[in-house]
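Right, one structure below, let's go through it.
The values are calculated or read from the model by the stated rules, or taken from the named source; none is laboratory data. Here the structure is a predicted model, which is why all the values come from computation and not from measurement. Cβ atoms come from the backbone with ideal geometry, glycine included; neighbour counts cover every protein chain shown.
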Amino acid sequence: MKIFYRQPAKNWKECIPIGNGRIGGMIFADPRADRICLNEDSIWSGYPREKQMQNTVDAKKQYLDQVRGAVAEEDYGKAEELLEQHLLGEFTESYLPLGTLHVDIPALEIWNQETAASERKTEQKTSVTEYERGLTLDTGIAWARMKTLTGAEVRKEYFCSHPDECMVIHIESDEPLPEVRINLESELKKNRSKLLKQDTAMYCFQCPEHVDPNYVKNKTPIIWGKRGKKFQARVKVMETDGTVKILENGEEICIEKPTQLTIVFTAVKKLEPAESYARLKEKHVKDYQILYSRVRLDLGEQPELPTDERLKALRKGQEDHPLFALYFQYERYLLISSSRGKENLPATLQGIWCWEMQPPWSSNWTTNINMQMNYWPVQKCNLSECLEPYLNWMKRIAESGKETAQKYFGCRGYCVNHNVDGWYATHPVGIPYSGGIAYKGCSEYAWFPLGGVWLCQEVWRAYEYRPQSELLKETVLPLLAGAVRFCLDWLVPFGEYYVVNPSTSPEHRFEDPKVPGCYRAVSMAATLDMSLIREAFLNYRRAVHCARGEEAYAAHIYEESAEEWGDILTEANELLGEVDKVEQKLYPFRVGADGRLQEWYKDFREKERGHRHLSHLYGLFPGELFCKNKELIDAAKKSLDCRMENGSGQTGWSCAWAAELYAVLGDGEKAFSCMRKLLEKSTYDNLWDAPPPLFFQIDGNLGGISAIADMLVQDRGGEVKLLPALPPKWSEGSVKGLRIKGNKIIDISWKDGTVTAYQIYEG
C-alpha cells in the first residue's frame, strides 16, 4: 500500500512526511533542488522561567470570588471582564522548525519544453523523465525515482530510523552524477558551523527567547537573546564512491561523480551510525513493521493511480472506497512517525512537523479537544506504544500543574489549562509577552482549567485496553487521583448542587439574557465541565476497584506487594469518601425546550448554531456517560444534527468528531458522509488535514481514523459491537488487528453488510 505522485512537491501541502517520534522531515523530492524541512521535538522558543502571573494567590482568590459572585448574579459581562483582567497569564511558547536540508543535484531537471531547449545550449543539464515519488506504507520509506534521457535511472530513499535515532537519505544512479551538494539552512540564529571530519559537518543554532502565537498582533512577535535553547545538528556522508569535498564556506559538502551515497542527519544527540545503509534500512523496517503490520483494512483493491488524482476524482463525485483504507493506514503511519519513545514528546497540533517561525496556534498542545483527539485511535488501532510519550508527558505536566493549581487557585491536585508548551507551562493564557490581553473576549478559549482532567481520559483508556499492574500503580492511579483532587476543590456549591464556576464551553458563546444581541463566554456548570468531572470520578472508582483486585492477588502471591497496595488503597478510600459527598449533588444534565442537550447550565441561545466545537456532547463521545440513557442519547443526537445542518464540520477535526459521534449513534451513512466530507474538503494532496485558513492540523487525520475504527468495532459501556456503523457502500471487506478492551484483538470479515466471520484473541 502506498501514496505516490508524478511530480515533485511545490509546497508543504504536497510534501511527504517522515519521522521517528523525535526527528521529522518534510520531503519535496525535486530532482535538481531537493528540500527536506527538518524538525526535532525539543526545538522550542523560550527558556526555563516562571511565567508572568497576575497578582498574588490571595488576590487571585479575591478576584475569583468576585467572578463567581458576578456569575451567580447573572452579570456575565462583569464576570468575563474580571476574569480576563485578573486571572489570565502569559501565552505559552512555540514549537519551531529546525531548518531545511538541501540535497541538490544541479545537473538534473524534469523534462519539459524549456529544459529541452536548454539541453541544446549546454551539456551541464540532464533532463529526467518517468518521474515518481511516494511513500510505501508497509516499510515507512519515502522514495523518488526518475530516468534521464540517456536511460539511466536515479533512485532516492528517505526514512527516519527509530532504533538509530537519525534521518537517512540514500541516492543511487546508474550513471555517475556530476555533483551532489548538501547544505543545512535555518531561520534560527546560527552560532557557528564546523567541519568535524572530511565527511561530517556540524551546525550550531540557537532558538529565540520568545515567539508570540500567530494570532497575537505584535510589532516584534519574535524576541531573540542569549537565553534561548542552543543545540547542534550534524550531517554525515557515508558509503559513497564519489569524491567528498568541503566548499570554501565550510558549510556545504560537495560529492563529485558519485553513483551512490548515503546522508545521515541527526540533532542534539551524537551522530555515530557505525553501520551500513543496508543495515540501517533493515533495522528501521523491522522496527516500524512491528507496529504498522498489526492492522489490515481491506475495502477493495487499491488502483494504481496517483493519490492526488484519486482525491480529485473523489471531489468530482466518483466512488473510491479503497481510498478510505489507504487513508486509514496512512494516518496510522503518521501516528507512528510523530509519537514514539518514552523520552520524546507527544504529537503536537502538527504532529512532529512544523515549517514556520510563527506556526499555527504555536504548534503546541491545545487541551480543549485537539491534543486528546490525537490519541483517540491509539488503543483501538493497536498502537499502544505510541501512547508512551503521552503518558510520560502527563507525569511532567501533572508536576507543573500542581504549582498552577496551588498558586492560581489554592487547590490540591494539578491543573492544566488551554495550552501546554515544551516547558510544561500549565497556567491560563491570554496575555502577550508585551502585556495587556490578546483581545477582549479571549476567555472563550483562554479559560479552561479542566484540560488536565480531560487528558486523564486517555490515561484510564491505556489501562482498560491493556491492563498492567505497574501501569495502574505508577501512572493511572496517581494521575487520576491528582485530577480528582483538583475537581473536588474546584467545585463550589450553588443551591442544592455543586457546580464549576466560572465555566466556559470551549470557544463558543451564548446570548446574555439581560443584554439581547450581546454574547458572553463565562457562566457556570457548562455541560462539558460537568461531564469531565463526572467521568473523572467514575474512572477513578473503576481504577480503585481494579487496585483492590491487584491487592487481593498480591496478598495471595507476594506479602510485601500486598502491603504496598494496602497503603495505596487506604489513601484511595479516603479520596473516594470525599467524592461520595459531592458526586450525587453534581449539577445534572439538562435537555432544552427544543429537545437538544443543553450546552450551558441554562437553556441559553447559542451564538452559532453550527459551531465547530461539539464539546457538550462529550458524554456521548469520547466519554461513555450516556451509554445507558436513551433520553440523553436522543438529546445529543438532536444537538448533533442541528449543528451539522447549520454548517458545523467545516474544520477537519470538527468533521472527524462528528463522524465519531454518528458512529457511536450507529448511523453509518452519516458517519461516512462526514468522512467523505473530510477527504473532499479538508484534505491536502499529501493526505494531511486542511482546516481553514490554509494550514495543517494532525488532529483531523487521527480523529478521522478513530471514527473509521468505530464504524467497524466498538467497545463501549461494557458491550462490544461488530459493524455498528458500517456504511452501506462498504458492503464487503475485512479488518484484522483492531484492539478491544482487556488486551483482546479482533478480526472481522463481512459481505453484503453482514458479518461472515470474526475472531477474538489475546493481544
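Taking Tyr203, is it assigned to a loop (DSSP other than H, G, I, E, B) and under 30 Å from Trp361 (Cα atoms)?
Considered against the rule, which asks whether it is assigned to a loop (DSSP other than H, G, I, E, B) and under 30 Å from Trp361 (Cα atoms), Tyr203 comes out as no.
Would you check which residues across region 267-298 are at pLDDT 90 or above, surrounded by fewer than 19 Cβ atoms within 10 Å (Cβ to Cβ) and farther than 30 Å from Val713 by Cα and list them?
Residues satisfying the conditions are Ser276, Ala278, Arg279, Glu282, Lys283.
Looking at Leu305, Leu297, which one is in a strand (DSSP E or B) and over 16 Å from Trp688 (Cα atoms)?
Leu297
Here's the yes/no breakdown for (1) outside any helix (DSSP H, G or I); (2) touching a His at 6+ places or on another chain (Cβ under 9 Å); (3) crowded, with 22+ Cβ neighbours inside 10 Å; (4) of a type in the set (A, V, I, L, M, F, W, C):
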| position | (1), (2), (3), (4) |
| --- | --- |
| Glu470 | no, no, no, no |
| Leu479 | no, no, yes, yes |
| Val484 | no, no, yes, yes |
| Ser505 | yes, yes, yes, no |
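For (1) of a type outside the set (Ser, Thr, Tyr); (2) farther than 16 Å from Ala658 by Cβ; (3) modelled with pLDDT of 95 or more; (4) surrounded by 20 or more Cβ atoms within 10 Å (Cβ to Cβ), each residue gets a yes or a no:
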position	(1), (2), (3), (4)
Asn686	yes, yes, yes, yes
Leu694	yes, yes, no, no
Gly703	yes, no, yes, yes
Ala707	yes, no, yes, yes
Asp710	yes, no, yes, yes
Arg716	yes, yes, yes, no
Lys721	yes, yes, yes, no
Gly737	yes, yes, yes, no
Ala757	yes, yes, yes, no
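Quick check: anything in region 301-323 under 27 Å from Tyr390 (Cα atoms) and touching a residue at least 12 places away in the same chain (Cβ under 8 Å)?
Within region 301-323 (the criterion being under 27 Å from Tyr390 (Cα atoms) and touching a residue at least 12 places away in the same chain (Cβ under 8 Å)), the answer is no, since none of the residues qualifies.
With Gly649, Gly704 as the choices, which residue is closer than 21 Å to Leu335 by Cβ and not hydrophobic (A, V, I, L, M, F, W, C)?
Unique residue meeting the criteria: Gly704.
When you go through Val499, Val544, Val515 one by one, which is the residue that is among the hydrophobic types (A, V, I, L, M, F, W, C) and part of a loop (DSSP other than H, G, I, E, B)?
The unique qualifying residue is Val515.
Name every residue in region 93-140 that is aliphatic (A, V, I, L, M), in a loop (DSSP other than H, G, I, E, B) and modelled with pLDDT under 95, in order of residue number.
Ile105, Ala107
Are any residues in region 591-627 touching a residue at least 24 places away in the same chain (Cβ under 8 Å) and of a type in the set (D, E, K, R), and if so, which ones?
Across region 591-627, the qualifying residues are Asp594, Arg596, Glu599, Lys602, Arg605, Glu606, Lys607, Glu608, Arg609, Arg612, Glu624.
Look through region 35-57, keep the residues that are modelled with pLDDT of 95 or more and charged (D, E, K, R), and return whichever of them is surrounded by the fewest Cβ atoms within 10 Å (Cβ to Cβ).
Only one residue fits best here, namely Arg35.
Is it true that Tyr424 is more than 20 Å from the chain's Cα centre (by Cα) and in contact (Cβ under 8 Å) with a residue 24 or more places away in the chain?
no
Among (1) under 30 Å from Glu90 (Cβ atoms); (2) free of Cβ contacts under 8 Å to residues at least 60 places away in the same chain; (3) surrounded by 17 or more Cβ atoms within 10 Å (Cβ to Cβ), where does Lys190 come up short?
That leaves (3) as the condition not met.
Residues that are without any contact (Cβ under 8 Å) to a residue 24 or more places away in the chain and either among the polar types (S, T, N, Q) or touching a helix residue (DSSP H, G or I) at 6+ places or on another chain (Cβ under 9 Å) (or both): does region 275-282 have at least one?
No - not one qualifying residue is present in region 275-282.
Looking at Val211, Val216, which one is of a type in the set (A, V, I, L, M) and in contact with a strand residue (DSSP E or B) (Cβ under 9 Å, 6 or more places away or on another chain)?
Val211 is the lone residue from the list that is of a type in the set (A, V, I, L, M) and in contact with a strand residue (DSSP E or B) (Cβ under 9 Å, 6 or more places away or on another chain).
Could you look through region 62-83, keep only residues that are part of a helix (DSSP H, G or I) and acidic (Asp, Glu), and pick out the one that is nearest to Ser443 (Cα to Cα)?
Glu80
I need the full set of residues from region 193-241 which are touching an Asp or Glu at 6+ places or on another chain (Cβ under 6 Å) and either among the acidic types (Asp, Glu) or surrounded by fewer than 19 Cβ atoms within 10 Å (Cβ to Cβ) (or both), in order please.
The answer is Ser193, Asn218, Ile223, Gly225, Arg227.
Let me spell it out: the conditions are (1) in contact with a His (Cβ under 9 Å, 6 or more places away or on another chain); (2) modelled with pLDDT under 95, and Thr200 meets all of them except one. Which number is the exception?
Evaluating Thr200 over (1) in contact with a His (Cβ under 9 Å, 6 or more places away or on another chain); (2) modelled with pLDDT under 95 leaves (1) as the failure.
Of the residues Glu403, Glu388, Glu399, only one is surrounded by fewer than 21 Cβ atoms within 10 Å (Cβ to Cβ), in contact (Cβ under 8 Å) with a residue 40 or more places away in the chain, assigned to a helix (DSSP H, G or I) and charged (D, E, K, R); which?
Glu388
Quick one: Phe695 ticks every box in (1) more than 17 Å from the chain's Cα centre (by Cα); (2) not in a helix (DSSP H, G or I) bar one, so which box is it?
(1)
Find all pairs meeting these conditions: Cβ atoms under 6 angstrom apart; at least six residues apart or on different chains; first residue within region 570-590 and more than 12 Å from Tyr540 (Cβ to Cβ); second residue of a type in the set (Phe, Trp, Tyr).
Pairs that qualify, where the first residue is more than 12 Å from Tyr540 (Cβ to Cβ) and the partner is of a type in the set (Phe, Trp, Tyr), are Val582/Tyr498; Lys585/Tyr497; Lys585/Tyr498; Leu586/Tyr498; Tyr587/Tyr497.
Glu458: without any contact (Cβ under 8 Å) to a residue 40 or more places away in the chain and under 30 Å from Arg716 (Cβ atoms), yes or no?
no
To keep it simple, each residue is scored yes or no on (1) within 18 Å of the chain's Cα centre (by Cα); (2) under 20 Å from Val591 (Cα atoms); (3) touching a residue at least 40 places away in the same chain (Cβ under 8 Å).
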| position | (1), (2), (3) |
| --- | --- |
| Leu640 | no, yes, no |
| Arg643 | no, yes, no |
| Asn646 | no, yes, no |
| Gly652 | yes, no, yes |
| Cys655 | yes, no, yes |
| Glu660 | yes, no, yes |
| Gly668 | no, no, yes |
| Phe672 | no, no, yes |
| Leu678 | yes, no, no |
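Could you look through region 247-262, keep only residues that are crowded, with 16+ Cβ neighbours inside 10 Å and within 18 Å of Leu184 (Cβ to Cβ), and pick out the one that is modelled with the lowest pLDDT?
That would be Glu251.
So Glu669 clears everything in (1) of a type in the set (D, E, K, R); (2) over 30 Å from Thr754 (Cβ atoms); (3) surrounded by fewer than 16 Cβ atoms within 10 Å (Cβ to Cβ) except one condition, right? Which one?
(2)
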